[in-house]
Amino acid sequence: MVVGGMLLACAWTAGAESPAATAAAAAPGATIAAPAAPADAPPAEFKTLDQEVQGLKKDVIDLNKDLFVLEEELLFPANTQVAVYVSMDVGTFFALDSVTVKIDNKEVKNYLYTAREADALLKGGVQQIYLGNLKVGKHEMVAFFTGKGPMERDYRRGATINFDKGVGAKYLELKITDKVAKHQPEFTIKNWE
Amino acid sequence: MRRILLAGSLALGATWAAAAPAAAPTLVGRDAPDFALKTLDGSNLRLSEFRGQVVLVNFWARWAGDSRQEMPALNKINATYQRAGLVVLGVSVDDDLRRAREFAGAMKVSYPIMFDTGTDLGRDYLLQKMPMTILVDRSGVVRFSHVGYKHGDERIYLDQIRELLRE
């Protein structure tokens, strides 16, 4: 955070002393000599200032992104990182309500989906439901899915996976798909190698 | 020396005592902790999905008599200001979900009623006394917090809601 503040301060200083700002400061004479602009058009100095502000905003967004990545790398180093994602394909036979994730018999996440979130998944969105740390070795993950199944019936199903956590980051995907032949939803866990 | 120490400690004690009531923790000025809960009609709602609107969150409990008086007042506020961009959410913190549902159904309010049976929300929102009402601005920051309810408080809510809606 301190690093971010320092970088932000640098960006601000750089912005204030940029050639554009210097040019704007020296502009009054030139502005008078220039052909008359339409009455409602903003003065050139304002335009330059606006561009600078937009530039600074972009810098702040970029810095924020970098800080987010940095924070994630510090909190969840690659050698212990485990990330779990949720995806949904079709969804004719299942309306998602919640997902509970247990790793080594300990509940690590319980997520309730709003209609908007479930809709985003149906449109192809992938959600990172959990990000945590795990020791190298064998682990078990169980995911419980609740929602409405075929014929609007309450539906609760589980899926289990045993996986080896190596030295690199581990990515697991909870997939909800339609099993057309059986007219039932299917819940699987994919281990991304 | 002992007298000075005694006077010092008395002064410190007096300052502490005077500061104690004002030091009640509040979320005002901080981002409203996000939550997703099940509503009376079975759907799920998430606070952060109302970003861009002014949100009044009313934490209530069946056993708190003031909640019974406050809910009709909030219902009126919701009916009037919903179109102006206000969202009213009622959150039950009752342990007995079945009775809380019955109570909520009997109150016949038009705004969504949600049910929380966990402990995280109470901790996140520093819930002290029921009912408790907080006002969240369009950018998701808690701007006003009210503990308890007495007749006429809704006028204060209205002033604050208008202020937030104007922003």
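Key figures for this structure:
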read-out: In Hz, Karplus ³J(HN,Hα) per residue of segment A:48-64 (6.51, -1.76, 1.60; θ = phi - 60°; x = Gly, Pro); value: 4, 4, 5, 5, 5, 4, 4, x, 5, 4, 4, 4, 5, 4, 4, 5, 4
read-out: Neighbour cut-off at most 15 other Cβ (10 Å), DSSP loop, trypsin sites (Lys or Arg not before Pro), segment A:108-137; value: A:K123, A:K135
read-out: Amide H within-cut-off set for B:A32, under 5 Å, with H built and near neighbours excluded; value: B:V141, B:V142
read-out: Relative contact order %, segment A:81-192, counting alpha carbon pairs below 8 Å whose residues are six or more apart; value: 35 percent
read-out: Given A:K175/B:K38; A:K109/A:K175; A:K179/B:K38; A:K57/A:K123; A:K102/A:K135, the pairs whose alpha carbons are separated by over 21 Å; value: A:K175/B:K38; A:K179/B:K38; A:K57/A:K123
read-out: Area hidden from solvent between A and B (accessible, protein heavy atoms only, 1.4 Å, total, Å²); value: 600 Å²
read-out: Chain B shape via C-alpha gyration tensor axes, a/c threshold 1.5; value: prolate
read-out: For B:D94, residues with placed amide H under 5 Å, excluding near neighbours; value: B:R62, B:D116
read-out: Rounded, prolate or oblate (a/c below 1.5 giving rounded, otherwise prolate when a/b exceeds b/c) for segment A:37-114 by Cα gyration tensor; value: oblate
read-out: Mean separation of Cα contacts under 8 Å, 6 or more apart, over the residue count of chain B: relative contact order %; value: 30 percent
read-out: Gain on full stretching of the segment that runs from B:Q53 to B:D34 - 0.36 nm per residue minus C-alpha separation; value: 5.4 nm
read-out: Prolate/oblate/rounded call for segment B:37-97, Cα gyration tensor, a/c under 1.5 rounded; value: oblate
read-out: Spatially proximal lysines relative to B:K150 (Cα-Cα < 23 Å; intrachain offsets below 8 disregarded); value: B:K76, B:K108, B:K129
read-out: For segment A:81-192, size of Cβ-based charge dipole, Lys and Arg +1, Asp and Glu -1, in debye; value: 240 debye
read-out: Charge dipole magnitude, Cβ of K and R +1, D and E -1 - segment B:52-167, Cα centre, debye nearest 20; value: 320 debye
read-out: Between segment B:67-126 and segment A:120-193, the alpha-carbon center distance in angstrom; value: 33 Å
read-out: In Å², nearest 10: area of A:D119 left accessible to a 1.4 Å probe; value: 70 Å²
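The values are calculated or read from the model by the stated rules, or taken from the named source; none is laboratory data. For clarity, every value in this text was computed on a predicted model and none was experimentally measured. Cβ sites come from the backbone with ideal geometry, for glycine too, and all protein chains shown count toward neighbours. Each accessible area value is taken on the protein alone, full model and side chains, heavy atoms only, with ligands, DNA and RNA left out. Shrake-Rupley method; radii C 1.70, N 1.55, O 1.52, S 1.80 Å.
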